[in-house]
1. Can you run down the residue pairs with Cβ atoms below 6 Å, 6 or more apart or on separate chains, where the first is in the range 345-358 and at positive phi and the partner is buried (at least 20 other Cβ atoms within 10 Å of the Cβ)?
2. Among the candidates S244, S173, which residue alone is touching a Gly at 6+ places or on another chain (Cβ under 9 Å), within 15 Å of ligand 2 (Cβ to nearest atom) and open to solvent by less than 10 Å² (accessible area, probe 1.4 Å)?
3. What strands (runs of 3 or more DSSP E) lie completely within the range 423-507 and have 1 or more residues being open to solvent by 60 Å² or more (accessible area, probe 1.4 Å) and closer than 19 Å to R217 by Cα?
4. What pairs come out if I take residues in the range 6-30 that are under 20 Å from L104 (Cα atoms) and pair them with residues that are among the hydroxyl-bearing types (S, T, Y) whose C-beta lies under 6 Å away, six or more apart or interchain?
5. Which pairs turn up if I take residues in the range 426-446 that are under 22 Å from G537 (Cα atoms) and assigned by TED's automatic domain parsing to the domain that holds A538 and look for partners that are of a type outside the set (D, E, K, R) and open to solvent by 70 Å² or more (accessible area, probe 1.4 Å) with beta carbon separation below 9 Å, at least 6 apart in sequence or on another chain?
6. Has the range 150-161 got at least one residue that is out of contact with any strand residue (DSSP E or B) (no Cβ under 6 Å at 6 or more places or on another chain), open to solvent by less than 10 Å² (accessible area, probe 1.4 Å) and more than 16 Å from ligand 2 (Cβ to nearest atom)?
7. Could you say whether any residue in the range 515-524 is at pLDDT 95 or above and assigned to a loop (DSSP other than H, G, I, E, B)?
8. Quick check: anything in the range 565-588 farther than 25 Å from V501 by Cα, assigned to a helix (DSSP H, G or I) and open to solvent by less than 20 Å² (accessible area, probe 1.4 Å)?
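The values are calculated or read from the model by the stated rules, or taken from the named source; none is laboratory data. The model shown is predicted, which means the values in this text are computed figures rather than measured ones. Here Cβ is always computed from backbone atoms with ideal geometry, including for glycine, and neighbour counts include all displayed protein chains. We work out accessible area using only protein heavy atoms, side chains counted, and drop any ligands, DNA or RNA first. Shrake-Rupley method; radii C 1.70, N 1.55, O 1.52, S 1.80 Å.
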Amino acid sequence: MSEGEKWIRRGIATVCLSGTLEDKLAAAAAAGFDGVEIFENDLIASPLSPKQVRERCADLGLSIDLYQPFRDFEAVPGELLAANLRRAALKFDLMEQLGADTMLVCSSVSPAAVDDDDLAAEQLYALAALAAERGVRIAYEALAWGRFVNTYDHSWEIVRRADHPALGLCLDSFHVLSRGSDPAAIRDIPGAKLFFLQLADAPRLEMDVLQWSRHHRLFPGQGAFDLPAFVGHVLAAGYGGPLSLEVFNDVFRQADPERAAVDAMRSLIDLQERLSGSGPAAVRERVRIADLPPAPDLSGYAFTELAVDEVSGPQVAGALAALGFTHTGQHRSKPVQLWQQGSARVLLNAASQGTGCPGGAAVSALAVESADPARSARRAEALLAPVLPRTRGADEANLSAVAAPDGTSVFFCRTGADDASSWVSDFTTTGTALGAGAGLIRTDHVALTQPFDHFDEAALFYRAVLGLDPEPVTEFAAPFGLIRSRAVADPSHQVRIALSVALLRRGDWAPGVPDPQHISFVTDDAIASARAMRALGAPLLEIPDNYYDDLDARLNLPADLLAALREYSVLYDRDEHGELLHFYTEVLGSRVFFEVVQRVGGYAGYGAANAPVRMAAHRRLRMARTGSGPA
Ligand SMILES: O=C(O)c1ccc(O)c(O)c1
Ligand SMILES: [Mg+2]
C-alpha cells in the first residue's frame, strides 16, 4: 500500500462554504483538504469551464471526489426514464471534463416515482451501465425525506438487487442518524459497495427532517450525533474513500469561507482523534494523525486576564480588593497587575487594546495549568489554532498563546515549574495574599458570550484544543431574548468554560449588558464570603424579593437558609447531584462581572435558571447609572 492510500483522505462539499466556486476551492485547499465534492449549482454559476475547474483543483492540490447531486432518477414510468438517462449522459460528459469519477444520485422525491424496488433497481442498473461505459460510478444515497427510499438499508437493498459493479452506496451520517436508524448494520455491507461517505453532525431537534438537514447541519463534534461510532462502522465495513463533509448550515453559508474551512478541518482532525482511540488496529492506523499530540491533563486555571483602561482599571482593582483579592505582583515590563486569592489569579492588563469601548473591560485571555504546556501548544497548532505573536522582555517567560474564535487568547502554563512555563517570575512581588481573604479558593469557570456566527466553532475549538468534554446545550428565556449556552470542561472539572449566545442576532434594542462575560470563583461557604465581601464594600448585585418568594414556593428551603440567601442576595439552584449557592458583582466597565459559586455535592451546572434574574438586575443598575430609564 502506498503512503497515499495508507492515510484516510479528507474532503469537503463546496455546498458547505460561502462564496463562489473559486472562493470555495481556494478555502478548501488552504485549510488542507485533499478533495472536494462539487455541488452542481456552484459549477453552474461559475464562469470556469469544467476543464478549467479541473485545472484549478489540480493546481490547488484538490481531487474532485464527487459530483453532486443528481436527483429524481429512479422508479419512473418508461417515457421519463429516457429523459433521465439523457440528462445523466450529459452530466457524464461534464464529469469527464471535470475529472470526477463518482456521481451522487439521491433517492427520488419526484411525484412521478412509483413504489417499486425492482423497477428502481432495474433503472439504476441501466444508469450504472451507461456510467460504466464512461468510466463513472454511481453512488446512490437515501435522502431522509426520499419519497419511497429514505433509509440506508432500503437504498442498500436496491443497490444489492441491481447488482452492477458501477453502482454502490453513498452513506450520509445525517440521513442515517436523523432517522434513528441503527448504523451498526452498515458493517454487514461489503466495503467495496460503499462508494462514498458524507459526514454531518446536527443538534437534536424535533422538526421536519428536510428543514433540519438544510438549515441546521453542523460539522462533526458540534452537534449531538455519535459520529465516531457511525464512522467506526463504515470503516469497519471496509470503506476506503474519503471522509467528506457535507454540511448545510445557514450561518456557515454566510461565513468567511477560509475560516469556515478551518473550522471544518478542525472537526475532522478531532473526529479522527476520537476514531483512533478504539476499533480495529488497521482502522486506527488509517485515521491516526501522527503530529497531533494528545491533550495533556489540565489542573485548573493559572489566571484569567482582563483588558482594562485608566477608567476601568482602578474600578476593577477596587472590586477585586473588596472581593478579598490582594495585589500581589506587578509585571516587570508591562502595565499588568497580578491579583490573587487562594489560587484564583486575575491579571489586569492596561496595555492591550481589547477593552471594546472607553472605560470598558473585557476578558482578554485565559490561561490553563497544563501538565505539559509545550505539548498543549503543539496540539493547538495541529488543530489549526492561530498562534499569537508575543512581545516579551529578554528574561521573561516564553508563554505560547493561541487565539480562540472569539478573540480570547489562550495560554498554557505551569505555574509551579521552574522553566519558561512559569509566568509568575515575570512579576515583581508587590504584596502577599494573607489569610483566606474572603474565602475564595480558585477559579471555577469563565463565562464568555460568543459572537453569533462563531458559537459552534468556538465550542469545538475549546473542546478540541484543550481536550475538554462538551456538556449538554441548554436554552433559557432571558429578558432580552433567548440564550443558548453550552459548557465544556475537563474530565475532573478543573477547567470549565461556559459559552453562551443569543439565539438570534441582536437588534438595535439591546438594553441588557452587551456580550456579558464573567469570571467565577469557588468558595466553600457562599454566605460567609458574601458577608465578608459586603463588609469590604464589594459592589455585589442585589436580587429582588420576588426571587426568594418564588424559591420558597418552589423548593421549600429551610427558613434560615432562605433568610440568609435573601439577606445576602445569594441565588440558589439544585440538580440531581447537589446544590449551587452563587452571587454576582455589578458590571465593571461595560460588560464584565465576577461571580462566586459554592458547589455542594457535585452540582454540575452553572445556575442557568437564575441567569434571567441576574440579567434583569444588571439592566436595572445600568439604567439607574445612566439615568436613562426607571431604576
Ligand atoms: O438537501 C438535499 O437536497 C441534499 C442533496 C444532496 C445530498 O447529499 C444531501 O444529503 C442532501
Ligand atoms: Mg448527502
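1. G356/A362
2. Being touching a Gly at 6+ places or on another chain (Cβ under 9 Å), within 15 Å of ligand 2 (Cβ to nearest atom) and open to solvent by less than 10 Å² (accessible area, probe 1.4 Å) holds for just one of S244, S173, which is S244.
3. 474-478, 481-489
4. The qualifying pairs are G11/S244; L21/S46; K24/T14.
5. A438/A535; A438/L536
6. yes
7. yes
8. Within the range 565-588 (the criterion being farther than 25 Å from V501 by Cα, assigned to a helix (DSSP H, G or I) and open to solvent by less than 20 Å² (accessible area, probe 1.4 Å)), the answer is yes, since at least one residue qualifies.
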